[in-house]
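One structure below.
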């Protein structure tokens, strides 16, 4: 079992390999938004797919890395559940938008559904990470990873 410091190091190393893709996808999403917004509203679910699918690919790679940190079945089940909830939110968002633009849903229902998906996508990972922390004392939570990124950024600024 790896220590928390080694896990943070591996997660940061994985982040380093993804940052170019992340920025490229963000720029492509902005361009696609401008192009699609001028064409038709019917392409909105496609835009959501284009913008969020690469994020899910990054999360899948992070999930695979987290699975190597601990072999306990409860830990691995929770890691898979976290990714499954993100995937579910992705599919539900596309489905809601497609149903709304096909005039199958009223705007109020669509907004309420998107709000519910947003709440679920924020609260579920928080609860799952708390449970992962209780199962594995070396589990790296998002806050700790952000702090490590910020510290590394500050150190790189002082070195240059």
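Is it the case that the range 84-99 has a residue that's out of contact with any strand residue (DSSP E or B) (no Cβ under 6 Å at 6 or more places or on another chain), assigned to a helix (DSSP H, G or I), within 25 Å of residue 2 (Cα to Cα) and at pLDDT 95 or above?
If we filter the range 84-99 for residues that are out of contact with any strand residue (DSSP E or B) (no Cβ under 6 Å at 6 or more places or on another chain), which is where we start, we get 84-99.
Narrowing further to those that are assigned to a helix (DSSP H, G or I): 84-99.
Subsequent filtering for residues that are within 25 Å of residue 2 (Cα to Cα) retains 84.
From the residues that got through so far, the ones that are at pLDDT 95 or above too are 84.
Yes: the range 84-99 contains one or more residues that are out of contact with any strand residue (DSSP E or B) (no Cβ under 6 Å at 6 or more places or on another chain), assigned to a helix (DSSP H, G or I), within 25 Å of residue 2 (Cα to Cα) and at pLDDT 95 or above.
Would you point out the residue of the range 65-76, among those that are touching a residue at least 24 places away in the same chain (Cβ under 8 Å) and assigned to a helix (DSSP H, G or I), that is nearest to the chain's Cα centre (by Cα)?
Ranking the qualifying residues of the range 65-76, first place goes to 65.
Please enumerate the residues belonging to the range 105-126 that are surrounded by 13 or more Cβ atoms within 10 Å (Cβ to Cβ), part of a helix (DSSP H, G or I) and free of Cβ contacts under 8 Å to residues at least 12 places away in the same chain. First the steps, then the outcome.
Let us first name the residues in the range 105-126 that are surrounded by 13 or more Cβ atoms within 10 Å (Cβ to Cβ), namely 105, 109-114, 116-117, 120-121, 124-125.
Restricting the remaining residues to those that are part of a helix (DSSP H, G or I) gives 109-114, 116-117, 120-121, 124-125.
Within the range 105-126, 109, 111, 112, 116 meet the criteria.
I want to confirm something. Restricting to the range 50-64 and keeping residues that are without any contact (Cβ under 8 Å) to a residue 40 or more places away in the chain and over 18 Å from residue 93 (Cα atoms), which single residue is surrounded by the most Cβ atoms within 10 Å (Cβ to Cβ)?
Initial filter on the range 50-64 (without any contact (Cβ under 8 Å) to a residue 40 or more places away in the chain): 50-51, 53-57, 59-60, 63-64.
Narrowing the set further to residues that are over 18 Å from residue 93 (Cα atoms) leaves 60, 63-64.
Details: 60: 13, 63: 17, 64: 12.
Checked the range 50-64; the qualifying residue surrounded by the most Cβ atoms within 10 Å (Cβ to Cβ) is 63.
Going by the conditions given, is residue 79 within 23 Å of residue 126 (Cβ to Cβ), without any contact (Cβ under 8 Å) to a residue 24 or more places away in the chain and in a helix (DSSP H, G or I)? Walk me through how you get there before you give the answer.
Details: within 23 Å of residue 126 (Cβ to Cβ): yes; without any contact (Cβ under 8 Å) to a residue 24 or more places away in the chain: no; in a helix (DSSP H, G or I): yes.
Against the criterion (within 23 Å of residue 126 (Cβ to Cβ), without any contact (Cβ under 8 Å) to a residue 24 or more places away in the chain and in a helix (DSSP H, G or I)), residue 79 does not qualify.
I'd like the residue in the range 1-35 that is touching a residue at least 60 places away in the same chain (Cβ under 8 Å) and within 16 Å of residue 69 (Cα to Cα) and, out of all such residues, is surrounded by the fewest Cβ atoms within 10 Å (Cβ to Cβ). Let's see the steps before the verdict.
From the range 1-35, those touching a residue at least 60 places away in the same chain (Cβ under 8 Å) are 1-4, 7-8, 11-12, 15; that's our starting set.
Next, from what is left, pick out any that are within 16 Å of residue 69 (Cα to Cα): 1-4, 7-8, 11-12.
Working: 1: 11, 2: 14, 3: 9, 4: 16, 7: 22, 8: 20, 11: 19, 12: 14.
Out of the qualifying residues, it is 3.
The values are calculated or read from the model by the stated rules, or taken from the named source; none is laboratory data. Just so it is clear, the model here is predicted, and its values are computed rather than measured. Every residue, glycine among them, receives a Cβ derived from its backbone with ideal geometry; neighbour counts consider all protein chains shown.
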